[in-house]
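Here the structure is laid out as structure tokens; the discussion comes afterwards.
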Amino acid sequence: ARAAALGLYGYARNLPDGRVEVMAEGDVERIKQLAEALCPPGARCKIAEMSWEEYKGEFKDFEVL
């Protein structure tokens, strides 16, 4: 819901090893806001990797898989 509210497109899914993978398309600043929102205060979170690619228009909405 947070990603959609930020106008982002893509997906989030749980990986077998317990990590969460998020693929998001949209404004860079809004993606940074989403990354901050994914780790609430007091939680132990680590962003293992974040990369930026050319916008492809690959997604039509944001879904949790």
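Rule-based calculations on the coordinates, nothing more; no lab input. Being a predicted model, the structure only gives us computed values, none of them experimental. Methodologically, a virtual Cβ is constructed for each residue, glycine included, from the backbone with ideal geometry; neighbour enumeration extends over all protein chains shown.
In a residue-by-residue description of the range 38-55, the property of being of a type outside the set (Gly, Ala, Ser), in contact with an Asp or Glu (Cβ under 8 Å, 6 or more places away or on another chain) and not in a loop (DSSP other than H, G, I, E, B) applies to no position. Residue count for the range 1-18 satisfying the condition of being surrounded by 11 or more Cβ atoms within 10 Å (Cβ to Cβ) and farther than 17 Å from LYS60 by Cα: 1. Note on the range 1-52: residues that are touching a residue at least 24 places away in the same chain (Cβ under 8 Å), more than 19 Å from LEU65 (Cα to Cα) and in contact with a helix residue (DSSP H, G or I) (Cβ under 8 Å, 6 or more places away or on another chain) total 1. Only a single item in (1) exposed (fewer than 10 other Cβ atoms within 10 Å of the Cβ); (2) under 9 Å from the mean Cα position of the chain (by Cα) is not met by ALA35, and it is number (1).
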